[in-house]
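Down below is the structure, laid out as structure tokens.
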Amino acid sequence: MRITFCFLVLLMLTTACSERKSPDMPAVTIEQSADTLRTVSIHHELENAAGHCQVDFDWPMEGSPALQKAVREYIITALFDGGYSSLPDNPDTLATLWCERKLASFEKSLDDMKIQVSGPNEAPEEGIKIMKAWENDKLVTYEVSGFSYFTGGGRGTFGTRGATFRKRDGHRYGKEIIKNTDDHLHALMIVGLMRFFEVTDTNALKEKMTIAPDLLPMPDYPPYLMADGLRFQYNVYDICRFDDGDPWFSIDWDDIKPYLNVETSP
């Protein structure tokens, strides 16, 4: 099967997608304590003549009620494009429903476009992972990653994003996770991109980017906290060519701490 996923710090792609480069970073560790958000891992996949789909997510089972509610809503929103009020709250049922809807969508699209799929290697496919990625006694981060391919030899789409939650009340940090920006922060971001692209000077960086480095914007999605600091994640095509993937980097805790608008940090 050709199903492919973007993992926490690695996205493996074939000729349709480029390799997600990973600088040397410490392994993610999640300390277990009374405040730990405890989860159950949900997995479901479904396949028929119209295609193949697979879903995985970490569903909250124990922890602050407000945090459980916020994270569950985040998972459902990621799965169903924003709507969750009329959906079941059983995680296995949600996973099954997601796959069933994806296959029904594949089948309708193929029928509408009068496309005949000759075999499983040409069938549409889609996968998504929504996983607990990092945690300390005050905060927890989830990361969403996925891949989608229709048919006909196209490149498909892929991407990653994340969100950090405050444990005591379930607050999800948006772009306000950074309280201020300045030239020094911009310089730290440029250094992070140089690590991702494995270059050592800004001239080489310019060759990799489709915009000038001094015009580098913040990512569309808010940065989020991970074991190695604050993670900045760009989408495919945002700042570089498709073959270079979806650039990301982290600014370590010591450097990013003056810019953080969170109650606590490691």
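The values are calculated or read from the model by the stated rules, or taken from the named source; none is laboratory data. Everything numeric here is computed off the predicted structure, so don't read it as measured data. Reconstructed Cβ throughout: ideal geometry from the backbone, glycine too, with neighbour counts over all protein chains shown. What goes into the accessible areas is simple: the full protein's heavy atoms, side chains included, and nothing from ligands, DNA or RNA. Shrake-Rupley method; radii C 1.70, N 1.55, O 1.52, S 1.80 Å.
Restricting attention to the stretch 160-189, the residues being open to solvent by 20 Å² or more (accessible area, probe 1.4 Å), farther than 24 Å from L67 by Cα and in contact (Cβ under 8 Å) with a residue 12 or more places away in the chain number 4. If the condition is being open to solvent by 30 Å² or more (accessible area, probe 1.4 Å) and either under 19 Å from E198 (Cα atoms) or touching a helix residue (DSSP H, G or I) at 6+ places or on another chain (Cβ under 6 Å) (or both), then the stretch 224-264 contributes N235, Y237, D238, R241, D243, D252, D255, N261. Among the residues examined, A66 qualifies as modelled with pLDDT of 90 or more and open to solvent by less than 70 Å² (accessible area, probe 1.4 Å).
Filtering the stretch 192-223 to residues that are open to solvent by less than 70 Å² (accessible area, probe 1.4 Å) and among the aromatic types (F, W, Y) leaves F196, F197. Restricted to the stretch 81-96, and to residues there that are open to solvent by 30 Å² or more (accessible area, probe 1.4 Å) and assigned to a helix (DSSP H, G or I), the residue that is farthest from T36 (Cα to Cα) is T96.
Suppose we keep only residues that are of a type in the set (S, T, Y) and farther than 16 Å from Y221 by Cα within the stretch 140-180. Which one would you say is modelled with the highest pLDDT?
S148
Would you check if C99 is outside any helix (DSSP H, G or I) and surrounded by 16 or more Cβ atoms within 10 Å (Cβ to Cβ)? Taking the combined requirement at face value, the residue does not satisfy it. Say whether the condition of being at pLDDT 90 or above and open to solvent by 40 Å² or more (accessible area, probe 1.4 Å) is met by at least one residue in the stretch 111-121. There is no residue in the stretch 111-121 that is at pLDDT 90 or above and open to solvent by 40 Å² or more (accessible area, probe 1.4 Å). All conditions but one from (1) at pLDDT 95 or above; (2) open to solvent by 30 Å² or more (accessible area, probe 1.4 Å) apply to E73; the one that does not is (1).
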